[in-house]
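The values are calculated or read from the model by the stated rules, or taken from the named source; none is laboratory data. Just so it is clear, the model here is predicted, and its values are computed rather than measured. Glycine also receives a Cβ, built like all others from the backbone with ideal geometry; neighbour counts cover every protein chain displayed.
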Amino acid sequence: MDFFNSQETLTAIQWTLRAIISFFFLLFSVKLMGQRSISQLRLLDFIMALIIGNILAHPLSDEQLGLKGSMITTFVLVILYIISVFTGLKWGKLRRFFDSAPFPLIENGQIIYKSLARARISIDFLLSELRKEKVEDIQKVALALWEPGGTISLFLYPQYEAVTPEDMHLATNAFTFPKTIIKDGKIDSKELNRGGKDEAWLKNRIKITYNADVNDILLATLDNNDNLKVFFYK
C-alpha cells in the first residue's frame, strides 16, 4: 500500500493502482452526493466538482503527493456537501444563497433586458432556447423564467398552447407506460413478470410474430394491452 503515500518514484503498476482507486473513490463520492450533482450543476455542485477534481488530479500526476490525504480531504468535503444540502432543505436562507430564486427573462411578450444581464446570457442564447421549445414568436410567451440550474422555463399564452383532448372534450384511454422486457438480447424477467407474462409466452410470441430469436432483438417493450413492440439489431 506504499502507493498511498508520498514516494520519490512510482512504478507503472503503482500509478495504475492510484488511478483505479481514485476512479472508484470518485464514483463512490458522487454517489454519496446524489444524482443532482450530475444532472443539475448548480453553484454548490460546481464548487465541489472543481475542488474534488483538483484534489484527486494532483496525486495522479505527482508521485511525491500521497493519495491518502487527498481521499480523506475529499471524503470530508463530501460530508460537508451532504450537510449543506440537507441544511438548505430546512433553512430557507441557506437554500436561497446556494440556489437563488428564478426571475423573469420575458414577461407579457416583452424581453426584460436587465434580467438578461443578471443571468449573464445574450439575446442569441435566449432565442436559441426559444427555438428548442418550438417558439418562433417572443410575443407568444406569457412568462419565461431563468432557473437556478441555468435553464429557462417557458409559459405560453393559453391561446398559443397546444390543444389537448380535454379541450376538445374527447374521451381518452388510461395512461400506460410500456415495460422494457428485452434489452441487448437479454430478457428482463422481473419486468416480464410484472406484466403477468413468463419467458415461455414471450419466446413463443416472438417466434410466431417475427420468426426470430431473443438474441436478435435490441429492444422489446410490452404495454398493459399486451402490445409487443420489437426493435432488431441492424
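Quick rundown of the values:
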quantity: Failed condition for Gly149, given (1) surrounded by fewer than 16 Cβ atoms within 10 Å (Cβ to Cβ); (2) outside the structural domain of Arg131 (by TED's automatic domain parsing); (3) in contact with an Asp or Glu (Cβ under 9 Å, 6 or more places away or on another chain); calculated: (2)
quantity: Residue that is nearest to the chain's Cα centre (by Cα), among those in segment 176-204 that are among the β-branched types (Val, Ile, Thr) and closer than 17 Å to Phe232 by Cβ; calculated: Thr180
quantity: Of residues in segment 128-145 being buried (at least 16 other Cβ atoms within 10 Å of the Cβ) and of a type in the set (Gly, Ala, Ser), the one nearest to the chain's Cα centre (by Cα); calculated: Ala144
quantity: Residue among Lys114, Lys134 that alone is without any contact (Cβ under 8 Å) to a residue 12 or more places away in the chain and assigned to a loop (DSSP other than H, G, I, E, B); calculated: Lys134
quantity: Condition broken by Leu60, with the remaining ones in (1) touching a helix residue (DSSP H, G or I) at 6+ places or on another chain (Cβ under 7 Å); (2) modelled with pLDDT of 70 or more satisfied; calculated: (2)
quantity: Residues of segment 148-160 classified as more than 17 Å from Ile111 (Cβ to Cβ) and not in a helix (DSSP H, G or I), total; calculated: 4
quantity: Residue match in segment 101-124 (condition: polar (S, T, N, Q) and at pLDDT below 85); calculated: no
quantity: Index of the failed condition, Thr87 passing every other in (1) in contact with a Pro (Cβ under 8 Å, 6 or more places away or on another chain); (2) in a helix (DSSP H, G or I); calculated: (1)
